[in-house]
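The values are calculated or read from the model by the stated rules, or taken from the named source; none is laboratory data. Source: prediction; values computed, not measured. Cβ: placed from backbone, ideal geometry, glycine included. Neighbour counts: every protein chain shown. SASA here: full protein model, heavy atoms, side chains in, ligands and nucleic acids out. Shrake-Rupley method; radii C 1.70, N 1.55, O 1.52, S 1.80 Å.
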Amino acid sequence: MTEALIVIDLQNDFCPGGALAVAGGDEIVSLVNDMIGRFEHVVLTQDWHPKGHSSFASQHPGKNPFETVSMPYGEQTLWPDHCVQGSEGAAFHPGLEWTKAELVIRKGFRMRIDSYSAFFENDHKTPTGLAGYLKERGISQVTFAGLATDFCVAYSALDAVRSGFTAIVEMKACRAIDLGGSLAAMTDRMKAAGVKLA
Ligand code: VGL
Ligand code: ZN
């Protein structure tokens, strides 16, 4: 069995002081660095939106961040402008030891669709290419850490199982946004799908 660590969106905008700060987001950096040291294969994801992305509340007159809109692919939560391509907010946390990463997979770069999962965009159909990459390399088990537990980590773990991988989430190396009970709801969904919560 070959395994990989997938570090989700450990970027400035998701850490305290950032545009979409996750409480305690920066607290996981040293734990994640330890994990990077232990794993042979490391993949990072980077939320990477063009300016004016359709997931930004600023693009929906009358709407505020954390409200939802109906998109052709389903309901979409609206966010403050964050992780704009090339910005400081989109950069990895300065303490993250990212040099060992074999792949950085960027997501959310299509204007009209968001992508929480590292595997599929929010239509749950358009692949990012990550499953093919891992399979071609013989990787069958993936462990997740990063931000946010209840959005990009959870959707990635669910899609990993759906794509045929064994998926583990290292909960202490994740932090949640927790919007309207989303942490409990997504934790239940992960358990029901067979994601292992470590
Ligand atoms: C994320 C909301 C919007 C995440 C990304 O990384 O969990 N959440 N974009
Ligand atoms: Zn985003």
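Of the residues Val104, Gly146, Thr126, the one whose Cα sits farthest toward the positive end of the charge dipole of the chain, with +1 on the Cβ of Lys and Arg and -1 on the Cβ of Asp and Glu, is Thr126. How big is the chain by the Kirkwood estimate over distinct Cα pairs, in Å? In the chain this quantity evaluates to 16.6 Å.
Over region 93-198, with every protein chain in place, what whole percent of the accessible area is carbon and sulfur at 1.4 Å, could you tell me?
55
Over what distance in Å are the Cα centres of region 159-198 and region 32-76 separated? Centre-to-centre (Cα) distance: 17 Å.
Taken as Cα centroids, region 126-147 and region 87-105 sit 17 Å apart, rounded to the nearest whole angstrom. Label region 123-178 by shape, choosing from rounded, prolate and oblate, from the square roots a ≥ b ≥ c of the eigenvalues of the Cα gyration tensor; if a/c is under 1.5 it is rounded, and otherwise prolate applies when a/b is larger than b/c, oblate when it is not. In terms of gyration-tensor shape, oblate.
Annotation: amide H-H contacts under 5 Å for Val22 (H modelled 1.01 Å from N, sequence separation of 5 or more, or interchain): Cys15. I want the local charge near Arg110. Using Cβ-Cβ distances under 15 Å, sum +1 for each Lys or Arg and -1 for each Asp or Glu among the other residues. Charge balance in the 15 Å sphere: +1.
Report, in debye and to the nearest 20, how large the dipole of the chain comes out about its Cα centre when Lys and Arg carry +1 and Asp and Glu carry -1 on their Cβ.
Details: 17 positive and 23 negative charges, 94 e Å.
The calculation lands at about 460 debye.
Peptide packing for 72-79, 58-65, 13-20 was compared via the average number of neighbouring C-beta atoms within 10 Å per residue; ordered from the highest value, the list is 13-20, 72-79, 58-65. Look at the Cα gyration tensor of region 42-141: its axes a ≥ b ≥ c give a/c of at least 1.5 with a/b at or below b/c, and that counts as oblate. What lysines does Lys107 reach when the alpha-carbon gap must be under 18 Å and sequence neighbours fewer than 8 apart in one chain are set aside? Once the sequence-local lysines are set aside, what remains near Lys107 is Lys51, Lys125.
Does region 156-198 classify as rounded, prolate or oblate by the C-alpha gyration tensor (a ≥ b ≥ c root eigenvalues; a/c under 1.5 gives rounded; else a/b over b/c gives prolate, otherwise oblate)? Prolate, since a/c reaches 1.5 and a/b exceeds b/c.
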